[in-house]
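The block underneath contains the structure these notes are about, expressed in C-alpha cells.
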Amino acid sequence: MKLHHKLYLFFVAVVLVPLLVATIATAVMLKRAGTETYEARIQSAITASAALISEQNDSLAADLETAVDDDFTLALLDSDSSEGFQAFLQGFVVSNGFIGVIVTDGNGVVLAETGLTGGGGEPLMKASASLEGPWENGLDIVALRLFDEEALGRIFDNQGLQWALVDSDGVVTAGSLGQGAGIMGMPADPAADPGGEGMLTLDSFEAQVGEEELLAAVLALPEEATTSPVFLVSGISTSVTSAAADSAIWAGLATMAAVTILAAVLGWLLARTITRPLRELTETIAEGEEGEAVGDDEIGAITETFGSMQKSMRDYISELEESKTQLLLALSYTGEILGSTTDRNRLIKTTAEAARLATGASGVWVELFDTQHSVGHKPISTAVPYEYFGNDLGNQARRMALAVAEGRVPAGDMQVLKNGTEAVAYPLLHDRKVLGSLLAAFDEEHPPEESANRILGSLAAQAASAVENIYYGELQQHMAITDSMTGLYNFRYIYDFIDLELSKCQRYGRTMSVCIMDLDDFKSVNDNYGHQAGDELLKAVAAVLSEGVRGADMVARYGGEEFVIVLPETHKRDAMMIAEKLREGIARINLPDYADVSTTASIGVASYQEDAQDTPGLLGKADEALYKAKATGKNRSVSA
C-alpha cells in the first residue's frame, strides 16, 4: 500500500471514527432523555390535577356540610307534598352552587333527585352527608358538581399535553382528546390516587385514540368522590416526542456527513502534499540523517526542513487528539448535567467540573440567580477548585459573571482580572430569562484553548435547560400543597406540619398550640352578595391571618370558610392572645368593592400536652372549642 494511502486511512481512523461514535452516542442519549422528560411532565401534570380534584371535592364536602343544617331539616319537614319537596330541592341546589342533589333513605332507595345526577354518563364529583330525624334509618343527601375542566385544562395546557376524563369502558367523557372518543391500550388495573402528597409514580403506556398514538399515563380517581368510575388520562402524541429526537439525530448525521466530506478532502490534500516531495526525497533521505540538507538544490532545502515538518505534524496530531478528548469529556458530562435536575448544588458543581475538565481552565465559577418563578430559593454559587478563587478573586469573578448576565460585558469575550488572570463568561439563558452565569478563569499555567468558548457555550445552554426543569418542578410541587384561591397551604400540608412540630415537642420538651377558626354566618355573604364577594372575603381573611402571625407560625385553609393556625412553642395563654388579635383584625376587614360586606370569626384553641398528645387529638380538641364559641354567641375565642 502506498504511503499517501496509509496517511489517508490513519487520518480517517484518528478523527472520523471517534467523531462518528460520539455523534451516534449523543443522538441516542438525547432521544432517551427527551422521552424521560415528557414522561416526567405527564406525571407532574397528573399529580397537580389529582391534587386540584381532591381540593375541589373537599370544598364540595365542606359546602354540603355547611348547607345541611337545622334549617335544612325544618325545610324538609315543612315540605308536606312531593311537589313541595322537589321545589325545595331545586332551590337548595341553586342556592348552594350544586349541579344536582340525590336524597335516599337509609336503605339506599332514591326518594328524590333534581338537577344533573350523572344518569347521562357525564363525570360528576359527589359528596354525601347523613341527616337524622323522624325518618326511619335517616336520610342520605348526595350533592353533585361538575369537574372544573377549565382549571384542569390550564394545568395540562401549560405542559403542552392532552388530557381526558375517561369512564370504565375507555370512552372520553371530558377533556381535550374529544368527548366520545375511545382510548385503546389502557392498563387493566390503573394506579389509584392514594390521597397523599408528593409526586405520583405512574407507569407510561402507548395509547391509541382514533388514528393518533400517544405516550400516556392514567390515574384512577377515588370511587367515593365520583358518581361512576372515572380515570384521569394525560399524554402527548408520539410524533411530538420523536420529532425532537429525530431532528437531533438528523442534525448530527448532517453535521457528520459535512465533516466527513471536508475531512476526506483535507486528508487527500494533506496526503498528496506530503507524499509528492517524499517520492523525490526517498533515496536522498536514505543516505543522510533526518533533517540534514543533502545537496545544494531545492530538494536539499526541503530535506533541511523535513525534521521541523515532522515535529509540526506531531504537534498538530497531539492538539487534534487533545481537542477530541475535550469534546468527548464535554459530551459525557452532558448526561450527568441532565441527570442532576433535582438538586441545584449538584447541578452547578457538575457543570463547573465539566467546564474545567473539558477546557483545561485553572478554575470555574458557576452562579444561579434568584428568579421570579423560583419558589422560595436564594441565589447559590460554587467554585472548582474552591481555594483557587479566594475572597478577592471570587468577588471579581462574581462581578464579572453578573456583568455578562446583564449584558454589560459581551458573552465569550476574554477579560483580564486585576491579578492578570484571564476570564471568559457565558449567561445561563432559557427563553430569554437569565438564570445564572458560567465563568472560566485561565492563567499562565493553563492558557485558554481555541475550543474553550465553544465548549463553555454548550455547557451553559445545557445547564440552563436543567435549571429551568428544576424551577418548573418546584412550581408544580408548590401548586400541589397550596390553596389556589387564598395562596395559603392546604390541609394536607398543614397536617404533616403539625406532625413534625409535635415530634419536636416530644423530643425537646416544648409546647405548641393549634387554632381552628370559622367565619360566622359566611353562607349569608354568598347568599346576599354572591360567591365572588365570598371569595374576596376569604382572600382578605387569609391576608389578615398571614400578616398577624409570626414567621415560625403556619396558616392553612381547612376547607370552606375554616382556617387552621399552628403556633409552635406557644402556651395556651399566649395562643389565646394571638387568636383574639386575629379575631379583631377580621372584624375590621373592609372590602373596597363590597362596602356592605363584613364578617366575624369564632376560634377554638387547643395546646400540647395540656389538651392532646397527637395531631388528631389536638385538632379534635380545637374543633370542640370552636363549637363552644359558636354555641355561646359566636365572634369569640374559646380554649379547650
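Below are the figures for this structure:
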quantity	calculated
Residues E224 and K581, FRET efficiency given R0 of 30 Å [Cβ-Cβ distance, rounded to 0.05]	0.15
Theoretical gain in end-to-end length, E83 to E444 [0.36 nm per residue, Cα-Cα removed]	120.4 nm
Largest to smallest principal axis extent of the C-alpha atoms in segment 412-548, angstrom	76, 46, 26
Two-site FRET efficiency, R454 against D499, from Cβ-Cβ distance with R₀ of 56 Å, rounded to 0.05	0.60
Pairwise label distance in nanometres, L475 with T37, each label 7 Å out on the Cα-Cβ vector	1.5
Accessible-area value, K523, 1.4 Å probe, nucleic acids and ligands omitted, Å²	70
For segment 525-582: Kirkwood Rh in Å [reciprocal of mean 1/r, alpha carbons]	12.6
Stretchable slack from I99 to D574, in nm (0.36 nm times residue separation minus alpha-carbon distance)	166.5 nm
For S639, distant residues with modelled amide H under 5 Å away	V605
Cα-centred dipole magnitude for segment 454-506, charges only on beta-carbon of K, R (+1) and D, E (-1), debye, nearest 20	240
From phi via Karplus (6.51, -1.76, 1.60), per-residue ³J(HN,Hα) for segment 346-362 in Hz, x at Gly/Pro	5, 4, 6, 5, 5, 4, 5, 5, 5, 5, 5, 5, 6, 10, x, 5, 6
Modelled FRET efficiency - R0 60 Å, S168 with A403, Cβ distances, 0.05 increments	0.50
When each of K126/K581; K504/K634; K349/K539; K126/K504; K539/K628; K349/K504 is checked by Cα-Cα distance, pairs over 31 Å	K126/K581; K504/K634; K349/K539; K126/K504; K349/K504
For V230, residues with placed amide H under 5 Å, excluding near neighbours	L221
Distance histogram for segment 570-640 (every C-alpha pair counted, 5 angstrom bins, percent rounded to whole numbers)	4, 18, 22, 21, 15, 10, 6, 3, 1
Length released on extending from A251 to T600, taking residue separation times 0.36 nm less the Cα-Cα span	119.0 nm
Estimated inter-spin distance, K418 and N395, nm [label 7 Å along Cα→Cβ]	0.6
Segment 561-622: GluC sites (Glu not before Pro) in DSSP loop, at most 13 other beta carbons within 10 Å	none
Size-normalised alpha-carbon gyration radius of segment 348-429, reference 2.2 N^0.38 Å	1.08
Inter-probe distance in nm under a simple model that places probes 7 Å from Cα toward Cβ, at Y386 and N345	0.9
Solvent-accessible surface (1.4 angstrom probe) belonging to R557, in square angstrom, nearest 10	40
Residues in segment 86-119 that a label on S130 would reach, taking backbone N under 17 Å of a point 7 Å out along Cα→Cβ	103-109
Rule-of-thumb Rg ratio for segment 96-149 [Cα; 2.2 N^0.38 Å; N residues]	1.18
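The values are calculated or read from the model by the stated rules, or taken from the named source; none is laboratory data. Small disclaimer: the values here were computed from a predicted structure and weren't measured. All Cβ positions, glycine included, derive from the backbone under ideal geometry; neighbour counts span all protein chains shown. Note: accessible area is taken over every heavy atom of the protein model, side chains too, but ligands, DNA and RNA are not part of it. Shrake-Rupley method; radii C 1.70, N 1.55, O 1.52, S 1.80 Å.
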